[in-house]
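Each reported figure results from applying straightforward, stated rules to the coordinates on display, with no laboratory input. Source: prediction; values computed, not measured. All Cβ positions, even for glycine, are placed from backbone atoms using ideal geometry, and neighbour counts span all protein chains on display.
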Amino acid sequence: MIKLEVICTYFVLLFHLRTKRREEQMKKTLSLFLSFVMLFTCICVGGISVGAAEKKSNIQYLFDRENETLYIRGKGAVPAYYLGWDECKNDDYNDMFSERDDDKNYGYIQYKPDGEALGFVSSPEMNDEMLLRSIYPSFYIDTTRYVKKIVFEKGITSIGDGAFSYAFPKLEQVVFSSTITSIGSGVFSCTGGNRPHSIIVPATVKKVDRYAFCEVIQGSVVFLGKSTKFVNIGPYDSLMYSADRIYCLPGSTIEKQCKQNNASKDPYIKKVNYKVIKTPAQVSGVKASTTGSTVKLTWNKAKYANRYKVQRYVVSQKKWKTYATVTGTSYTFKNMAGSTNYRFRVIGVNRICDADFSGKASKECKAKTKFGKVLGVKVSDKNGTLSVKWNAVREAKSYQVYYATKKDGSYKKLGTASGTSFKKKVTKGKTYYVKIRAVKKNSKGKTVYGAYSDVKSVKV
C-alpha cells in the first residue's frame with residue numbers, strides 16, 4: 001500500500017514537473033514570437049525600411065522612401081566606409097569576378113582541391129552586380145541610389161573615412177546634428193553627381209579631414225564654426241581637394257587656412273574657391289502706412305542682405321514673432337484687428353545655401369489700425385430663415401447687415417444687430433449675397449463705419 005502511494009506520488013510529481021517545463025517552454029516561445037512581431041512592426045510600419053550597420057557598430061540607418069531621406073541614428077562614431085566605397089573591398093570583388101566567357105559574361109573559374117579547373121561559373125545576378133559596380137562602385141546598399149537627403153540625428157559624434165563616398169548620385173542636402181565633432185577623410189567625396197546641393201557644417205565640428213568634401217559637384221560647403229580646422233593637409237595638398245566651394249566666417253581658422261593655401265607659390269597647390277560670410281547691415285527707413293485693418297511696411301535695402309525677416313511684437317506672448325521672410329523691401333499685413341496699436345521691425349538676412357546669417361534688428365515702427373473690418377462671416381439657411389454669424393470687432397457698438405441677389409448687384413440694408421449674429425425670414429428660391437460692417441460713435445459723437453466684410457452667399 002505504501003509502495004503504491006509512493007509510486008503514485010512519483011508520477012504526479014513527474015507530471016507536474018513536465019507540465020511546468022512545458023509552460024516555461026511555451027512562455028519562451030511566446031516571448032520570442034512577440035519579439036519577432038515587434039521587430040517586424042518596427043521595420044515595416046509606414047513603408048520605411050531599416051538596415052543595421054556592422055555588428056560592431058551601434059549606428060543604424062533608416063530610409064524613408066517617400067521623402068527620399070536617409071536618417072543616420074545611434075550613439076558614437078559612424079564606421080569608415082559605412083555606406084561608401086571601400087577601395088579594398090571593391091578591388092577584392094573585382095578580382096574575384098574578373099573572368100569573362102565567350103559571351104562576355106562575368107564570373108570566375110572553379111577549381112578542384114588538386115588545382116584542376118572545373119569550369120566557368122557565372123549568373124545573371126553576377127552580371128547585373130558587376131554592371132552596377134562599374135557605374136556606382138559603392139552600392140553595397142540598394143537605398144543609396146534613391147537618397148536625396150541625409151540627416152544625422154543627435155547622438156552621432158563623428159563620421160569615419162569614406163563613410164558616404166562615391167555614392168548617392170541624387171544627393172542634394174546633408175543635415176548634421178549638433179553632436180558631431182569630427183568628419184573623416186573623403187566622407188562625402190564624389191557624391192551628388194551633377195545636382196546642385198549644399199552641406200552646412202555646424203560650429204560643433206572641430207576637425208575636418210582632407211578630401212572630406214572632395215568633388216562634391218556643384219556643391220558648396222558652409223562652415224559655421226570659428227575654430228573648425230582642416231587636418232592632415234599634406235605639403236603638396238590643396239584645400240580645393242577638401243571642398244569645391246567654401247563659405248566661412250571672418251577671422252575663422254578655415255579662412256586663415258584658405259588664405260594660406262592661396263598665398264602658396266607652389267604650382268601644385270591649386271587655389272581654393274572660398275568666400276567670407278558677410279553679416280547684413282542694420283535695416284533702416286522702416287515705415288508703416290495704415291488703410292483700415294491693413295498695414296503696409298516699407299524699408300530700405302540693407303548691405304549684404306538678400307532676404308528680410310518681418311517681425312511683429314505679440315503682446316500676449318511678450319516676444320517678437322517672425323511673420324514672413326521676403327526678398328523685397330515691403331510687406332503687407334492684412335485683416336488686422338481694428339483700433340489696435342502694433343509694433344514692427346525688420347531684420348536683414350544673408351542666406352547662403354540653407355544657412356541664415358542675420359544682422360541687427362531695425363528700430364521699431366509703430367502703427368494703429370483704424371476701425372476694423374468684419375471677419376469670419378458665415379451664412380446659412382434653415383427653412384427660409386437667413387442666419388448670419390461673424391467675429392466681434394473691437395469698439396463696435398452695432399453691425400449693419402446688407403444683402404443683394406447678385407454679387408455685383410445693388411446691396412440693401414437687411415437689418416442691424418447689436419451682437420455678432422443676425423436672423424431674418426427671406427424669400428425662398430433665391431441666392432442671397434451678404435456683407436457686414438461695424439458701426440461706432442467717435443469721441444465727438446459722430447458715427448464711424450468700418451470696412452465691409454468679404455461677401456458670403458447662400459441659396460435659400
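Taking a sphere under 13 Å around the Cβ of ALA392 and counting the other residues whose Cβ falls inside, with K and R at +1 and D and E at -1, yields a net charge of +4. Amide H contacts for ILE352 (H built 1.01 Å from N in the peptide plane; partners 5 or more residues away or on another chain; cut-off under 5 Å): PHE357. Put the Cα centre of the stretch 213-264 next to the Cα centre of the stretch 353-415 and the gap is 55 Å.
For the peptides 373-384, 201-212, residues were scored by their other Cβ atoms within 10 Å and the scores averaged per peptide; the highest-first order is 201-212, 373-384.
Which of the pairs LYS154/LYS226; LYS301/LYS370; LYS382/LYS440; LYS296/LYS319 have their Cα atoms more than 24 Å apart in this structure?
In this structure, LYS301/LYS370; LYS382/LYS440 lie more than 24 Å apart at Cα.
With K and R counted +1 and D and E -1, the other residues having a Cβ less than 11 Å from that of GLN282 yield a net charge of +4.
Report the net charge of residues surrounding THR405, where surrounding means a beta-carbon distance below 10 angstrom and charges are Lys +1, Arg +1, Asp -1, Glu -1.
+4
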